[in-house]
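Below is one structure, written out as structure tokens; the observations come after it.
Where a number appears in this text, it was derived from the coordinates with a stated rule and is not lab data. Keep in mind that this is a model prediction, so the values were computed, not measured. Using ideal geometry, Cβ is built from the backbone for each residue, glycine included, and neighbour counts are taken over all protein chains shown.
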Amino acid sequence: MSEKKKTEEKGITVKKEKNFNEWYTQAFQKADLADYTLVSGCVVFKPYAHTIWDKIREETKKRLNKMDVGEAYFPLFIPEKLLEKEAEHVEGFSPEVAWVEKAGNTKLGERLAVRPTSEAIMYDSYSKWIRSHRDLPLKMCQWNNVVRWEFKNPVPFLRSREFLWVEGHTVFADEKGALDEDKSIMDMWQDICENYLALKGLRGKKSENEKFAGAVFTKSIEYRLPNGKIAQGPDFHYDGQNFAKAYSIKFIDEDEKEKFVFQNTWAISTRMLGVLIAVHGDDQGLILPPKIAPYQVVIIPIIFDKHKKELFKETDKLKQKLEKKGFRVKTDKRENYKPGWKFNQWEMKGVPLRIELGPRELEKKIVTVVRRDNGKKENVNIKNLGKKIKELLDDIQKQLLKRSEEKLKNSIKEVKNIKELENAVNKGKIGYAKWCNNVECEENLKDKTTGIKSLNMPEDKIGKAKGKCAFCDKEAKVYAYFGKTY
């Protein structure tokens, strides 16, 4: 047997708690989610990962359709002159932009940016399409790839140079219309992440320092990973008239006056696959929430030559029965692998339920059902299997969210000064403190610590903090979360 085969059969060879980075790498590779390429920071999304992303897309699209958001596609390449129109925006993205300067051996007359985000290319078109108040609101999104090049340590899914996302770009005649979309979008992200991905995060408003380049304000959902680092999840940016003025997006209102539009941008990306792996996985590999798992159930016949034909027949019948009830089912009838090896493989892939079917089960007309989230086994009568599978999948979904909530809650520590904050963050906690929400204070905080910064501010606490800021002598205005990020 080759060394590679031996390693594969061992499954995950490190403990998640002891060596998270190595565990994470093994988890996504051995679950067949992704593979590295010769381009640093750019990975192959293998079919298993892409199917999970498709589930996220499917749920997002359902909700966006109800909001009347149309789907479009804009070019990958952005002329430099368009990108430079909005100064704050281009400054924020400048270190991350990859440029095309030649076509073959011919130098281009103007550099083309490889899309880091699409405001520049989209808003040039918006300025031509929007003429009257009758053209508004304009609600558009595109599912695409973006490239952001500048960082030293790429991590597949969590921080990669190329990733997939949906970017929404909506336009309104007045500020109220734009601001009203805030809650709808953030509620949508929370619904998908909690009720489908079973992930609990910190929802709030970003600081001036940490907002999207070019936005008036940014809101986000932040997720704590087992190594104590924070990954920013889906977000919403209210852009006001910043881009409208830069790209001359104007309309004639009902009062016959020319006005600038108000805009929003928002996104969810494949970073959530990384969060999913990190938060739910255990020492055996992935644990996938049933609602987004490519396969919710895997049926594994325990093969004996004497009963093989009968076992395979019953396996196929069970698959058809469960699929008719709407479950996503995989059968594993491979004869060149032992049952234990197959159990281990499907555990690594995080399939929520495993059904074992052997001669004993055939005789008694039962199956053995094993939960991936806690390893519990039970015998289930085949007649009641559909009902029981639904109950178990619903409970797994519920328990994974509950577990995520508990982990997040237990990771938050209130702090009263920089020393307490640094101690908390170095122990993998999220700091929670009264804060002045001042740009200089946050810059000072980063300098005095090893890169700790604000994550976001819970909206129901904005303006309710009393007393001094935990990190300077100014008056506190908000409560905020602090940590180290990817």
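Mind checking segment 105-210 for GluC sites (Glu not before Pro) that DSSP puts in a loop (not H, G, I, E or B) and that have at most 10 other Cβ atoms within 10 Å?
Working: sites: 110, 119, 150, 162, 167, 175, 181, 194, 208, 210; in loops: 150, 208, 210.
Filter output for segment 105-210: empty list.
Using modelled amide H (1.01 Å from N, peptide plane; none on Pro or chain starts), what sits under 5 Å from the amide H of residue 35, excluding residues fewer than 5 places away?
44, 46
How charged is the neighbourhood of residue 260? Take every other residue with its Cβ under 10 Å from the Cβ of residue 260, and add Lys/Arg as +1 and Asp/Glu as -1.
Around residue 260, the charge tally is +2.
Can you list residues from other chains, or at least 5 along the same chain, whose modelled amide H is less than 5 Å from the amide H of residue 233?
So residue 233 has HN proximity to 221, 222, 223.
Length gain on complete extension for the stretch residue 110 to residue 464, per 0.36 nm per residue less the alpha carbon to alpha carbon distance?
Taking residue 110 through residue 464 to full extension adds about 122.4 nm, to one decimal.
Grab the eigenvalues of the alpha-carbon gyration tensor for segment 297-395, scale each by 5, take roots, and send me the semi-axes largest first in whole angstrom.
19, 16, 12
How big is the convex hull of the Cα atoms of the chain, per residue, in Å³?
Measuring per residue, one finds 179 Å³ for the Cα hull of the chain.
Take the Cα atoms of segment 10-164, find their three principal axes, and give me the spread along each one in whole Å, biggest first.
On the principal axes, segment 10-164 reaches 63, 46, 29 Å in Cα extent.
Report the label-to-label distance for residue 379 and residue 61 in nanometres (one decimal), using points 7 Å from each Cα along the Cα→Cβ vector.
The two pseudo-label positions are separated by 4.5 nm.
Between residue 365 and residue 447, what is the label-to-label distance in nm when each label sits 7 Å out along the Cα-to-Cβ direction?
So the label points at residue 365 and residue 447 sit 7.8 nm apart.
Which of rounded, prolate or oblate describes segment 290-335 when judged by the alpha-carbon gyration tensor and an a/c cut-off of 1.5? Kindly include the intermediate steps, with their values, before the conclusion.
Values: a/c = 4.34, a/b = 1.95, b/c = 2.22.
It comes out oblate by the Cα gyration axes.
Label points 7 Å out from Cα along the Cβ direction at residue 283 and residue 395: separation in nm?
Those two pseudo-labels are separated by 2.4 nm.
Quick one: order 127, 220 by neighbouring beta-carbon count within 10 Å, fewest to most.
127, 220
Any chance you could run the full-extension gain for residue 414 through residue 102? It's 0.36 nm times the residue separation minus the Cα-Cα distance, nm to one decimal.
107.0 nm
Given the DSSP H assignment, sum -39500 (n - 2.57) over each helix run of at least 4 residues in the chain and divide by its residue total; what's the result at 222 nm in deg cm²/dmol, nearest 500?
Calculated mean residue ellipticity at 222 nm is -11500 deg cm²/dmol.
What size of dipole, in debye to the nearest 20, comes out for the chain about its Cα centre when the only charges are +1 on Lys and Arg C-beta atoms and -1 on Asp and Glu C-beta atoms?
Working: 94 positive and 75 negative charges, 550 e Å.
Roughly 2640 debye, rounded to the nearest 20.
Taking other Cβ within 10 Å of each residue's Cβ, how do 258, 310, 59 sort, fewest first?
Least to most surrounded, the residues fall as 258, 310, 59.
Which of 206/407; 183/416; 324/376; 15/484 have a Cα-Cα distance over 24 Å?
Flagged as over cut-off: 183/416; 324/376.
In segment 416-457, which residues have a backbone nitrogen under 12 Å from the label point lying 7 Å from residue 474's Cα in the Cα-to-Cβ direction?
Inside the label zone: 435-445.
Could you point to the residue in 40, 213, 241 farthest towards the positive end of the chain's charge dipole, with +1 and -1 charges on the Cβ of Lys/Arg and Asp/Glu respectively?
The one lying farthest along the dipole's positive direction is 40.
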